[in-house]
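> Before we start, here is the structure in question, set down as structure tokens.
The values are calculated or read from the model by the stated rules, or taken from the named source; none is laboratory data. Just so you know, these numbers come straight off a predicted model, no measurement behind them. Ideal geometry is used to build each Cβ from the backbone, glycine not excepted, and the neighbour counts take in all protein chains shown. All accessible areas refer to the heavy atoms of the entire protein, side chains included, with ligands and DNA or RNA removed. Shrake-Rupley method; radii C 1.70, N 1.55, O 1.52, S 1.80 Å.
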Amino acid sequence: MIELDNLAYSYGGGELLSEISLRLAPGSFHFLTGPSGAGKTTFLKLCYGALIPTAGRAMLFGQDVRELGRDDVALLRRRIGVVHQDCQFLDHLPLAENIALPLMVSGRDVAAEAQNLDDLIAWCGLSHRRNALPPELSGGERQRAALARAVIMSPEVILADEPTGNVDWEMSQRLLQLLVELNRMGKTVMIATHDLSLIRAAKSQVQTRVLRIANRRLQLAGADL
Amino acid sequence: MRAVLVILADLLRGDTQADRVVPPTGFTARLTLFAAAAMTFLAVFALALSLATGRLAHNWSTELARSATLRISTSQDQVAAQTAAALQVLQTTEGVASARALSEAEQQALLEPWFGPDVPIADLPVPQLIEIIETRKGYDAEGLRLRLAAEVPGAVLDDHTRWRRPLVRAASRIRAMGLLSLGLIGGIMAAMITLAAHSALAANAQVIAVLRLVGARDDFIARAFVRRFTLRAISGAILGLALGLGGILLLPSAQPEGGFLTGLGFQGWGWIWPFLLPLLAGAVAFWATRRAARRILRGLA
Ligand SMILES: Nc1ncnc2c1ncn2[C@@H]1O[C@H](COP(=O)(O)OP(=O)(O)O)[C@@H](O)[C@H]1O
Ligand SMILES: [Mg+2]
């Protein structure tokens, strides 16, 4: 579903990422680690078509990202749920409507999915905040809301950029639980994180592969974790 | 026109839920409302002016053009003979449908405003007037003048075209300027709404970014803005229309001797035109906002 072939990316200076090849198989669970500034966020953006590789090829669902029009990109984003590192919301709409936003913009009947929405909000522990406006939320609540919004469309692939960066241990376990659950339902999951304890916790529940960005290359991390 | 109506119906039915994705922006909303109201108000008057002058030019060039007056001024004893001779000439002139000498009573009625009712016109050396009604094709005024000069020396033909032509020309010019004003008003409204839309899109850059991230297509985003601006423009135009028509209705009603100024208004089918203005304003807003939104969205990452 996501295929990167000898890809490289540079923001204009030297190459940030080089010679990256990866096939993300359906149903797989990946972690992406690396020091801050290594290019994890950049790598994820290449995986959901927000950035175009400066060399090599990125194929998303069989389409070359270079050939995607703006509408194609929009449709792609309905199939790939993304939890952004700096989660942004529509500040004038209450939380529940923000989580339902992907349904709304894709023309789905939001009322018909009210039950799903409620379940999801409850799952993320946000029921008591559903009418709050995003600026009133704590960092952890925003991240949970971002995850809920990323999965509301039941996407085939979920890419999460530091989804547990702002939450306490208990809540990070809960978020992980949700992602593992989605993976068991057949979704492909990739989580960028530098939280090694999160990776260890996941390893006991699901078969994962850990990718590490080091020296601009993508490496498969060994059993040293 | 049909296409516009379909679009408007679609807009009005609307997707109120989708509309909420764009936060209400006070400033651009008020600007659009005001621009549409003011421009429609002006358009009502420009329209009234164009229709009234159009009517006037039409009347002058049909009714008046079809009649002329022959004046016989000669010594009292010659009047009867020359009148008969003139009528004789007129009856054999091609393009004259009928010719008739005005009776003493009719002449008195015509002169009354100047002399008062008690002046005995019969005793004054008042010229005899002959009313000429032309056929649709009209007659050759110069030819007629030559024949009259030979046969009826006291006759003076006043065929009205002398003063009518410049008036008809002026009326047509005023009408053209009225229509030009309508065009300019529409253009200015489009420009102002484009500016307001640009400003709204710029102010909502973050909203647009979030919508794009969650998979909204440009069309969806553009529609949310377009719907809003179109509805605002229509509401503003309805307001401007009400004020404009109020102003027109408050003008003194048309008097025959008031001529042009008091005739400034709508008559008969002409009443349809002002009510099309809100639809037109909506169409202008729709077009202007959609163009602005598409251009800006295409330029975004
Ligand atoms: N839009 C950008 N323009 C230029 N440089 C950027 C941009 N975004 C990120 N970078 C640079 O690329 C490097 C990697 O960034 P990022 O992918 O966010 O790393 P990570 O997510 O691993 O912390 C950083 O040095 C950052 O400064
Ligand atoms: Mg990052």
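> Stretch B:R295-B:L110 to full length: gain in nm at 0.36 nm per residue minus the Cα-Cα span? Before the final figure, lay out the partial values.
Numbers: separation 185, 0.36 × 185 = 66.60 nm, distance 6.80 nm.
Full-extension gain reported as 59.8 nm.
> Between the chain alone and the structure with every protein chain in place, find the residues of region A:105-132 that drop at least 40 Å² of accessible area; heavy atoms, 1.4 Å probe.
A:V105
> Looking at the protein assembly as shown only, what percent of DSSP beta bridges run antiparallel? Nearest 5 please. The partial results should precede the final answer.
Details: 31 of 48 bridges.
The antiparallel proportion sits near 65 percent.
> Using Cα pairs under 8 angstrom and six or more residues apart, how large is the relative contact order of region A:90-152, in percent?
Details: 58 pairs, mean separation 32.2, N = 63.
After rounding, I find 51 percent.
> Can you bin the protein assembly as shown into rounded, prolate or oblate? Criterion: square roots of the alpha carbon gyration tensor eigenvalues sorted a ≥ b ≥ c, rounded for a/c under 1.5, prolate for a/b above b/c, oblate for the rest.
Numbers: a/c = 5.60, a/b = 3.82, b/c = 1.47.
Since a/c reaches 1.5 and a/b is larger than b/c, the shape of the protein assembly as shown is classed as prolate.
> Calculated FRET efficiency, B:A170 and B:A191, Cβ-Cβ r, R0 25 Å, to nearest 0.05?
On the way: r = 31 Å, r/R0 = 1.23.
In this case the efficiency is close to 0.20.
> Could I ask something else about it? How large is the direction-averaged shadow of the alpha-carbon convex hull of chain A, in nm²? Could the numbers behind the result be given before it?
On the way: hull surface 49.1 nm².
Dividing the Cα hull surface by four gives the mean projection, 12.3 nm².
> Measuring from a point 7 Å past the Cα of A:H194 along Cα-to-C-beta, which residues in region A:75-117 have an amide N at less than 19 Å?
Residues passing the 19 Å test: A:84-87.
> Does chain B come out rounded, prolate or oblate by the C-alpha gyration tensor, with a ≥ b ≥ c the root eigenvalues, rounded set by a/c under 1.5 and, if not, prolate when a/b is larger than b/c and oblate if not?
In terms of gyration-tensor shape, prolate.
> Compute for chains B and A the buried accessible surface, both sides summed, probe 1.4 Å, and express it in Å² to the nearest 100. Spell out each step's value before the answer.
Details: alone 17320 and 10560 Å², together 25850 Å².
Between B and A, the summed buried area is about 2000 Å².
> Output the relative contact order of chain B, whole-number percent, from Cα pairs under 8 angstrom with separation of 6+ residues.
Working: 369 pairs, mean separation 103.2, N = 301.
So the answer I get is 34 percent.
> Now for a different question. For B:D19 and A:S138, what does the FRET efficiency come to when R0 = 35 Å and r is the distance between their Cβ atoms, rounded to the nearest 0.05?
Working: r = 30 Å, r/R0 = 0.85.
FRET efficiency, B:D19 to A:S138: 0.75.
> Ok, one more. Residues of region B:214-248 that become at least 20 Å² less accessible with every protein chain present than in their own chain isolated, using 1.4 Å: which are they?
In region B:214-248, residues shielded by partner chains: B:V214, B:G215, B:R217, B:D218, B:F220.
> Now for a separate question. Enumerate the helices in chain B for which the Kyte-Doolittle hydropathy averages 0.0 or more and the C-alpha atoms extend at least 30 Å along the helix's axis, using complete DSSP H runs.
Details: long enough: B:26-62 (53 Å, 1.06); B:161-203 (62 Å, 0.80); B:218-250 (47 Å, 1.14); B:272-298 (39 Å, 0.74).
Span-like helices here: B:26-62, B:161-203, B:218-250, B:272-298.
> Right, here's the next one. Which shape class, rounded, prolate or oblate, goes with region B:45-176 when its Cα gyration tensor gives a ≥ b ≥ c as root eigenvalues, a/c under 1.5 marks rounded, and past that a/b bigger than b/c marks prolate?
Numbers: a/c = 2.86, a/b = 1.54, b/c = 1.86.
Oblate shape, in that a/c is at least 1.5 and b/c is the bigger or equal ratio.
> Let me ask something else. When Lys and Arg each count +1 and Asp and Glu each count -1, what net charge do the other residues less than 14 Å away from A:G165, Cβ to Cβ, add up to? Could the numbers behind the result be given before it?
Working: positive: A:K40, A:R142, A:R144; negative: A:D86, A:E141, A:D161, A:E162, A:D168, A:D195.
Around A:G165, the surrounding residues sum to -3.
> For B:Q91 paired with A:D64, estimate the spin-label separation in nm (one decimal), with each label point 7 Å from Cα along the Cα-to-Cβ line.
With each label point 7 Å from Cα toward Cβ, the separation is 9.7 nm.
> Per DSSP H run of n ≥ 4, the term is -39500 (n - 2.57); total these for chain A, divide by its residue number, and report the mean residue ellipticity at 222 nm rounded to 500 deg cm²/dmol. Don't jump to the answer; show the numbers that get you there.
Numbers: 8 runs with 75 residues, N = 225.
So the helix-based figure for chain A works out to -9500 deg cm²/dmol.
> Students often forget the sequence filter, so: which lysines lie under 30 Å Cα-Cα from A:K40 once same-chain residues fewer than 8 apart are removed?
The qualifying lysines are A:K187, A:K203.
> So, one more: Assuming R0 = 56 Å, what is the FRET efficiency of B:Q78 and B:L243, from their Cβ-Cβ distance, to the nearest 0.05?
Efficiency, from the Cβ-Cβ distance: 0.35.
> Here's a follow-up. In Å and whole numbers, how far do the C-alpha atoms of region B:83-135 stretch along each principal axis, longest first?
Cα spread of region B:83-135 along its principal axes, largest to smallest: 40, 20, 13 Å.
> More than 13 Å apart: what percent of Cα pairs in region A:90-152 qualify?
Values: 1100 of 1953 pairs.
When every Cα pair of region A:90-152 is considered, 56 percent fall beyond 13 Å.
> Continuing with the same structure: Let me cross-check B:H160: its accessible surface, 1.4 Å probe, with only protein heavy atoms counted, in Å² to the nearest 10?
30
> Moving on to the next point. Once you keep just the Cα pairs under 8 angstrom separated by 6 or more residues, what percentage relative contact order results for region A:35-133? Show your work: numbers first, answer last.
Working: 52 pairs, mean separation 20.2, N = 99.
Worked out over region A:35-133, it gives 20 percent.
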